Amino acid sequence: MKFIRLLFFITMSCLLWSCNGMQDHKTLFIAHNLNQTHPVHLGILDFQKVIDSISNGQLKLKIFPNGQLGSEREVLELLQIGSIAMTKVSAATMVNFAPEYKVLGIPYLFKNRDHMFKVLNSDIATELKESCSQYLLKGLCFYYAGSRSFYTTKIPILKPEDLQGQRIRVMNHQMSVDMVNAMGGSATPMSYGELYTALQQGVVDGAENNPPSFVSSNHYEVAKNYTLDEHSSIPDVVVISTKYWDTLNAEERSWLIKAGETSVQKQIIYWDISVNKSIEVLEKANINIIRPDKQLFADAVSGIMEKLNQDPTMRDLIQRIKQYE
């Protein structure tokens, strides 16, 4: 199935670029694995509108949501071979291609939201976006993905010790695994698409994610406890294949950068609206929303940052990030 999907899009890409030559415009495919009501998708829609407007229709985006082209890792591989142009992935996924991204996954790295935004608009962010160029990938902009928190089907999480023995689904991301294990839980990497059934059947006891994703996935139907410990604030990244980037002239590149910057501001607004609506949905569904002492959780995972400080590259990034507090 994966080979058939890949062959189809290679063929479509060739046909598309052939047609572009006759129509005097370029269309870039962008894929992601979120649904069409998610605030990140709404941000990409704004990206699409802005790029069409400022380029006078010379540069267009065609969006493939809902994981139509595969997982985040699979889509990044499609970018690397030039089958599609762009994608949106979690910065956690980018660790597989550029280890510098690891720093963004450190639990409680950011003191608050303003601190995070300062970092994502700094020279540090620029360096991270360029750090994966050797893997034929280039970051265009960071999208806000809120903060991730725990949700469970049976035992509510009031303090880190409550995670003891609980199987918690995490992304295939070593930092997330280390974090859950440090709190006493049993980290269980698993595909996001399998999670609803896994929660329902008791394969896992819980998971962790932000409010919009918790609601849009309908996981709150089977996980009735939501602990807003906000342990990590891992942003999303809009990524372009360098194979496509290298085909664009300076003006076309500037259009993409401008569209990205504009969509980032709109996406933050969409996110905040979505979080508020998500909390309302959870309250109406009588979900047990817990607002714990976050310092207890931060203390439980402090060893992760201490260990990373032993790596000179990570230590430098952490120290520079702290300067923006």
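Any idea what % of Cα-Cα pairs in the chain are farther than 25 Å?
Tail of P(r) above 25 Å: 51 percent of Cα pairs.
Once you put a point 7 Å from the Cα of residue 272 and another 7 Å from the Cα of residue 222, both along the Cβ direction, what distance in nm separates them?
Label-label distance for residue 272 and residue 222, simple model: 3.5 nm.
If packing is taken as the mean number of other Cβ atoms within 10 Å per residue, what is the order of 237-250, 30-43, highest first?
Ranked from most to least packed, the peptides come out as 30-43, 237-250.
Whole-Å semi-axes of the stretch 42-135's equivalent ellipsoid, largest first, each the root of 5 times a Cα gyration tensor eigenvalue?
25, 19, 13
Take every DSSP beta bridge with both residues inside the chain and express the antiparallel ones as a percent of the total, to the nearest 5.
Around 55 percent of the beta bridges assigned by DSSP in the chain are antiparallel ones.
Given a Förster distance of 22 angstrom, what is the FRET efficiency for residue 243 paired with residue 194, based on the Cβ-Cβ distance and rounded to 0.05?
E(calc), rounded to 0.05, equals 0.10.
Run the numbers for residue 309 and residue 54: contour at 0.36 nm per residue of separation, minus the present Cα-Cα distance, in nm.
Using 0.36 nm per residue and subtracting the Cα-Cα distance, I get 87.4 nm.
Beyond 30 Å between alpha-carbons counts as too far, so tell me which of 284/322; 49/322; 88/118; 60/322; 129/307 fall in that bin.
As for pairs spanning more than 30 Å Cα to Cα, those are 284/322; 49/322; 60/322.
May I ask you to derive the relative contact order of the stretch 37-106, considering only C-alpha pairs under 8 Å and at least 6 residues apart, and to give it as an integer percent?
That works out to 15 percent.
Once you put a point 7 Å from the Cα of residue 316 and another 7 Å from the Cα of residue 299, both along the Cβ direction, what distance in nm separates them?
Using points 7 Å along Cα→Cβ, the separation is 3.5 nm.
Every number in this text was worked out from the coordinates using simple rules, so none of it is lab data. As the structure is a prediction and not an experimental result, all values here were calculated from the model. All Cβ positions, even for glycine, are placed from backbone atoms using ideal geometry, and neighbour counts span all protein chains on display.
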